[in-house]
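These notes are about the structure you will find just below.
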């Protein structure tokens, strides 16, 4: 059974050290998502309908809202994975051009070879998660340094300067925005493509095509992302029990909620709450970084 060893959550997004031995279903995140093997067996992820290896010297790179899955094979050995779910707005505050980390083309390739520096920084990041100070200062500093190295190595951010990022509030088609608003307001109900299409003034077939063209995922998958993020926030920072969160988000039974959470995150809601640490905002200057991402002398 997969388990979470440590999770830190804050305005930067989430950073998790996950001991995985079960597959994850097809899902997505509103984050710039990077996966690096920390220890254990080699494994693999499916991104863009292709299988990509996660080895000691590779990273799997997933763009914001890009569908992917953990393609763990039944009976295969466990893998400890350093999983980064980074908020584009946080990166943009560190360096304005990095707001493009919410763009579909931020990582042009889904897998790449690590440099020795990225490997060293990833190991440091994993150590900070396991042996962190309560304030989280060193952890966020280490995260920013790691992300700068990853972006310099793997991203096409320079060619995306000035790109209008396709996030929920700025979806280019007003009918897609209407669909998104409707879904965000009905997280406590079962997904109904017909109702979403009616709210957007479209047929179901037209909604599917337009949503896929605009957001690169289906409406149903998008709804699951919204539901999952709401569940994560509730379990990390709220006082509701898992049963209460389950009911508020429209699950027929707590067991259905627990299965949904595990299929997307790898762990149960109660385990997530047990291991997560909420990290307060630190700010660029306190981390000793300037806005180019270079450390001060």
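All of the numbers you see were taken from the coordinates with simple rules; none came from a lab. From a predicted model like this one, the values you see are computed outputs, not experimental measurements. Cβ: placed from backbone, ideal geometry, glycine included. Neighbour counts: every protein chain shown.
Things to note:
- Over segment 168-266, relative contact order from alpha-carbon pairs under 8 Å, at least 6 apart, %: 25 percent
- Relative contact order (%) - criterion: Cα under 8 Å, at least six apart; region: the chain: 22 percent
- The chain - mean residue ellipticity at 222 nm from DSSP helices (-39,500 (n - 2.57) per run, n ≥ 4, rounded to 500): -12000 deg cm²/dmol
- Ranking of 32, 111 by count of other Cβ atoms within 10 Å, fewest first: 111, 32
- Segment 1-141: C-alpha gyration tensor shape, a/c 1.5 cut-off, then a/b vs b/c: oblate
- The chain: radius of gyration and largest Cα-Cα distance (Dmax), Å: 18.8, 59
- Dividing the convex hull volume of the alpha-carbon atoms in segment 168-266 by its residue count gives 96 Å³ per residue.
- Mean separation of Cα contacts under 8 Å (6+ apart) over length of segment 62-140, as relative contact order %: 29 percent
- Fewest neighbouring Cβ atoms within 10 Å first, the residues 145, 244 line up as 244, 145.
- Between residue 120 and residue 152, the modelled label-to-label distance comes to 1.2 nm, taking each label 7 Å out from Cα in the direction of the beta carbon.
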